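> Structure incoming, see below.
The values are calculated or read from the model by the stated rules, or taken from the named source; none is laboratory data. Computed from a predicted model, the values in this text were never measured in an experiment. All Cβ positions, glycine included, derive from the backbone under ideal geometry; neighbour counts span all protein chains shown. Just so you know, the surface numbers come from the protein's heavy atoms only, side chains and all, with ligands and any DNA or RNA stripped out. Shrake-Rupley method; radii C 1.70, N 1.55, O 1.52, S 1.80 Å.
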Amino acid sequence: VTGKNGSITATPAATVSGGGGLCATTQSVQRLSIQRINSLPQNHEHFTFPAHVNIGDPGTARAVAEAACDLPPMPPGGFSCPAGLGITYTLNFVVGETKSPAVTIDATDCQTVRGLGRVRWVARTPAFWTMLGQAMDIPHADAATFRGSMRSDRHPAVPSPAPRPTKQ
């Protein structure tokens with residue numbers, strides 16, 4: 001959510017998310033470094049923003065940490081997920097002067113979030129991608145923005161749907 005001065009704000013997650021680690025110390029987050037990793041470069045995805053972004057504003061970095069901690073846990077059971085295109089984002093938070101363990105978000109496949117204790121799920125929380133885009137100064141960002149598009153003028157990448165639980 002954008003505040004009145006253009007800063008990013010979120011509801012504190014330290015007490016509602018449970019567990020320790022980053023989610024117990026979101027109010028101490030000072031900085032954030034975000035790096036995109038493309039493990040399948042042969043797909044030639046195109047992005048409108050750099051692969052590495054640093055966020056030095058503590059309020060914005062805290063809001064991203066809180067939003068990540070507020071993501072729901074990955075539900076149990078089997079899933080049918082869209083194709084994994086190998087696009088992940090590594091979020092490195094600095095808490096005080098100490099680097100917190102990395103948080104990894106899969107932008108394709110089942111859209112899992114790892115590094116916050118229990119595995120979390122971003123697929124059913126599209127506002128997270130919008131908020132992360134705001135923090136990175138990416139206008140009008142959504143999940144498709146973070147998946148990228150194929151480098152073809154005639155065939156842009158088709159947004160993949162959210163994973164659906166399968167009956168077992």
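> Give the residue, chosen from VAL94, VAL103, VAL113, that is surrounded by fewer than 19 Cβ atoms within 10 Å (Cβ to Cβ) and among the aliphatic types (A, V, I, L, M).
None of the others qualify; the one that does is VAL94.
> Can you pull out every residue in the range 81-103 that is among the hydrophobic types (A, V, I, L, M, F, W, C) and closer than 12 Å to LEU32 by Cα?
LEU91, PHE93, VAL94, VAL95, ALA102, VAL103
> Name the residue, out of GLY115, GLY56, GLY78, that is farther than 20 Å from LEU32 by Cα and of a type outside the set (Asp, Glu).
Exactly one residue qualifies, and that residue is GLY78.
> Could you check the range 47-147 for strands (runs of 3 or more DSSP E) lying wholly inside it with 3 or more residues that are modelled with pLDDT of 95 or more?
Strands (runs of 3 or more DSSP E) meeting the threshold: 52-55, 87-95, 103-106.
> Restricting to the range 130-139, name every residue that is surrounded by fewer than 21 Cβ atoms within 10 Å (Cβ to Cβ) and under 10 Å from the mean Cα position of the chain (by Cα).
The answer is THR130, GLY133.
> Here is a follow-up. Scanning for something modelled with pLDDT of 85 or more, part of a strand (DSSP E or B) and either over 13 Å from ASP57 (Cβ atoms) or open to solvent by 50 Å² or more (accessible area, probe 1.4 Å) (or both), does the range 18-32 turn up at least one residue?
yes
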